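Read-outs: derived from the displayed coordinates by stated rules, not from any lab. Source: prediction; values computed, not measured. So basically every Cβ, Gly included, is an ideal-geometry build from the backbone, and we count neighbours across all protein chains shown.
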Amino acid sequence: MKPVIALVGRPNVGKSTLFNRLTKTRDAIVADFPGLTRDRHYGNARLGKREFIVIDTGGFEPDAGSGIFKEMAKQTQQAVAESDVVIFVLDARGGLSAQDHDIANYLRRLNKPTLLVANKAEGMKEGSQLVEFYELGLGEVLPVSAAHGQGVRSMIEAALDKLVWPDELETPEPEESVIKLAVAGRPNVGKSTLINAWLGEERLVAFDMPGTTRDAISVPFERNGQKFELIDTAGLRRKGRVFEAIEKFSVVKTLQAIENAHVVLLLLDATEGVTDQDAHIAGFALESGRAVVLAINKWDAIDSYQRETLQRSIESRLGFLKFAPLHMISAKKRQGIAPLWTSIAKAYASAMVKMPTPLLTRLLQESIVLQAPKRGGMYRPKMRYAHQGGMNPPVIVIHGNSLDNVDNAYKRFLEGRFRKAFDLVGTPLRIEFKTSA
Ligand code: GDP
Ligand code: GDP
């Protein structure tokens, strides 16, 4: 599971500058759930081989008289609670404030690995003005400059060193061919209703699987001989022999479930249309390379005019998920939910496809005969052979000369040919070019 680092600190210390530097992405996931006072951003980041999720908590906004604990957005507390390490950002130029003390007290009680950093430290003499921050009693203070990038790498190394990494733990190997499924979507789109409808099906048998993930609840079950593991996103609780959905939505859990899944079933609410949040979650799934099945729930609740409008907005707003099968369902009325399994199984098979080198190379050569790549720059790209570079998502590596100039249209053409040949549905397909000297 990807670890989560939360950036905490009062407003204006440089959290979002730091966040942008770490994630290097313009389209971070923005939590726009009701009740959120300030935007909270989630993003993927990487240091060497280590990948992690960063949350910019937006900041504490204490109000005179009512105390920081009350004023802190509930969601911010949740983000901190769900993170593995907290980076507490201070302002090296502004010095300590009462607010910093409040935050320090709060963090100290959490007993969570915490790293103190003093931002805006560019051009400052080593250690000179950082002494006062030791007063917070949270240990060492690292000087950084988010704006200039100084100290950021050592900061992340120090934060990550506070973690025990999954590959350092003994995690039991999951059983062969268990399809890990994440049902993702905003609050109230109908995730629990769908899961309960499924779990109520006779064909679905829950079974015990030893050693499933540490803290996330996952539900193993079997359907028509295929084993599945439902990764918790909706907040499920086991009550005797039945599973009960509890009302609690967590962005972090959703993102981690997406990371851990083979297939993401992304639920949308037909009565709400395609919201920004839906698009963000979809974008995250795509970025993670996960197979995706789209289901528009509450189809029963909209009329034919609304249905048409919705279908158009799916095409325009979720066009980047064209590879994902689309289902219109009603979880409540149990309509259209059985066919989801077919798409999920198919998406899984596509994500795990094995593509032999001779076949890939033959397909590549046939494609070139059909349509040769355009000359770009001095030389015409020459593609020689292709091999599979990975699965989940499948990656095809094409070798040759002068491949830097192959345009996107041609790449899409090749992708279409490969998809068709291997009957790939529901999974992203990545194509990479390797130019030999
Ligand atoms: P946030 O409210 O904690 O998210 O803070 P921001 O990231 O929005 O930054 C607040 C202000 O501090 C902005 O004007 C930034 O340009 C500035 N800032 C951020 N990082 C640095 C830094 O490393 N050095 C200096 N001098 N200014 C910075
Ligand atoms: P979750 O937060 O994603 O788990 O959403 P829930 O499963 O709790 O559903 C939220 C609300 O939507 C509940 O009031 C459900 O009864 C309702 N709902 C769920 N599925 C459907 C559906 O297919 N049609 C309609 N009309 N309502 C639904």
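Cβ-Cβ distance of SER304 and LYS24, R₀ of 35 Å, FRET efficiency by 1/(1 + (r/R0)^6): the value works out to about 0.20.
Once both labels are positioned 7 Å from their Cα atoms along Cα-to-Cβ, the gap between ASN111 and LYS374 label points is 6.3 nm.
Of the trypsin sites (Lys or Arg not before Pro) found in segment 341-393, those in coil by DSSP whose Cβ has at most 16 other Cβ atoms within 10 Å are LYS354, LYS374, ARG375. Stretching the chain fully between ASN188 and THR357 yields a gain of 56.3 nm (0.36 nm per residue, less the alpha carbon separation).
Given R0 = 22 Å, the distance between the Cβ atoms of ASN408 and GLU366 translates into a calculated FRET efficiency of 0.60.
Applying a DSSP loop filter and a limit of 12 other Cβ atoms within 10 Å to the GluC sites (Glu not before Pro) in segment 98-162 leaves GLU126, GLU140.
The modelled label-to-label distance for the pair GLU140/ASN12, using points 7 Å beyond Cα in the direction of Cβ, is 3.1 nm. Rounded to the nearest whole Hz, the Karplus-based 3J(HN,Hα) values (6.51 cos²θ - 1.76 cosθ + 1.60, θ = phi - 60°) of segment 6-16 follow the sequence 9, 9, 10, x, 6, x, 6, 7, x, 5, 6, with x at glycine and proline.
Once both labels are positioned 7 Å from their Cα atoms along Cα-to-Cβ, the gap between GLU315 and HIS101 label points is 6.3 nm. You can think of it this way: the chain between GLN77 and ASP161 has 27.9 nm of extra reach, that is 0.36 nm per residue less the Cα-Cα gap. Applying 1/(1 + (r/R0)^6) with R0 = 41 Å to the Cβ-Cβ distance of MET1 and ASN224, what FRET efficiency is obtained, to the nearest 0.05? It comes to 0.90.
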